Amino acid sequence: MSSADRAVPGGGDPAADHAAFRIMGVVNVTPDSFSDGGLYLDPAAAIAHGLELEAEGAAILDVGGESTRPGAAPVAEDEELRRVLPVIEGLVAAGCRAQISIDTSKSRVAARALKAGATLVNDVTALRGDPDIAAVVAEANADCCLMHMLGTPRTMQLDPHYDDVVSEITAFLEERMSYAIAHGIAADRILLDPGIGFGKTLEHNLELLRRLGELVELGRPVVIGTSRKSFLGKITGREVDGRVAATVATNVLAFERGARVFRVHDVAPVHDALIVTAATVIAPWTTPTSTTK
Ligand code: HH2
């Protein structure tokens, strides 16, 4: 089934569900990502995986060459480029219609990826990691996802503490948005992400999901990334490959609370769950064949 003929709210118009939500499918070109490390290191495998996620309903493909799992070692710039560029080029050459996102904190990787066809920079440091990255995003007039992280991937899970996790992250994202705008990035290009699992305990993650509406009030689309993460394993007792249902639950809940972009590994089940949720909570659902009785 192609992405164009999926059933969506609005009677079959794919634009309708993209207006309600956008799924960002994860394409990790890494040996060490926490749930799929090593599966798509070969560019051909990563490209095929990205196209499959697009066919399943991903509106965005997030291509990453450096793992951010707790304790992950940094990757050299050349190696990161070697991993991601052939994949972005291959997706473009294959006629991929999904927006291509580059998951990086390095300005040179972002610049080369944007030149190759990416139009979104997903920076888990929210433009704090590389002083030149904001200018690269601004220059390309690209979209930009600003994510909250406490510390670095090496240190973030060492006893994270907040007085009020939601108001502190809201203030952080507001400040990062001002920084981005001051560096020439248009406000309407910015996406905001609380960074589930990045320097947060299980309770912090749940509190963020519960009070997501406070982040939505910042006025930019909120991105949520719960996919297969360890807090879901702590609650369900399941290993990474058994966390799809838990991932679906958190994404449905986040949608209902106002999130609009969903970064996931398992696109098909999340897409089905969100079209049903969107049909229920947003648009009146009418099927193309429905009759009025
Ligand atoms: N989570 C991960 C990586 N990048 N970007 C955003 N905006 N939001 C997230 O929640 C997020 C992210 C971690 O997931 P994954 O890419 O599967 O793992 P790894 O970092 O180990 O490659």
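FRET efficiency for the ALA187 to GLU239 pair, using the beta carbon distance and R₀ = 51 Å, is estimated at 0.80. By accessible area, using a 1.4 Å probe on protein heavy atoms only, region 116-253 has 53% of its surface on carbon and sulfur. One decimal place: the segment LEU218-VAL92 gains 42.1 nm when fully extended, by the rule 0.36 nm per residue minus the C-alpha distance. Across region 72-84, rounded Karplus estimates of 3J(HN,Hα) from the backbone phi angles (6.51 cos²θ - 1.76 cosθ + 1.60, θ = phi - 60°) give 4, 7, x, 10, 5, 4, 4, 5, 4, 4, 4, 6, 8 Hz, Gly and Pro being marked x. When the Cα convex hull of the chain is projected onto planes of every orientation, the mean area is 15.1 nm². Applied to region 208-218, the Karplus parametrisation 6.51 cos²θ - 1.76 cosθ + 1.60 on θ = phi - 60° returns per-residue 3J(HN,Hα) values of 4, 5, 4, 10, 4, x, 5, 6, 4, 5, 5 Hz, with x for Gly and Pro. Per-residue Karplus couplings for region 48-53, computed as 6.51 cos²θ - 1.76 cosθ + 1.60 with θ equal to phi - 60°, are listed in order as 4, 5, x, 5, 5, 5 Hz, Gly and Pro entered as x. Of ARG263, ARG97, ARG238, ARG189, the residue with the largest accessible area leads and the full order is ARG97, ARG238, ARG189, ARG263 (1.4 Å probe).
PHE34 sits with roughly 90 Å² accessible to a 1.4 Å probe, with DNA, RNA and ligands left out of the calculation. Site pair LYS115 and ARG82 shows an inter-label distance of 1.9 nm when each label is modelled 7 Å from Cα along Cα→Cβ. Only lysine pairs 8 or more places apart or on separate chains count here, and in the chain those with Cα atoms under 30 Å apart total 5.
Heavy-atom accessible surface of the chain, averaged per residue, reaches 43 Å², computed with a 1.4 Å probe.
The values are calculated or read from the model by the stated rules, or taken from the named source; none is laboratory data. Note that the structure is predicted; figures quoted are calculated from it, not measured. Here the Cβ is made from the backbone with ideal geometry for all residues, glycine too, and neighbour counts use every protein chain on show. SASA here: full protein model, heavy atoms, side chains in, ligands and nucleic acids out. Shrake-Rupley method; radii C 1.70, N 1.55, O 1.52, S 1.80 Å.
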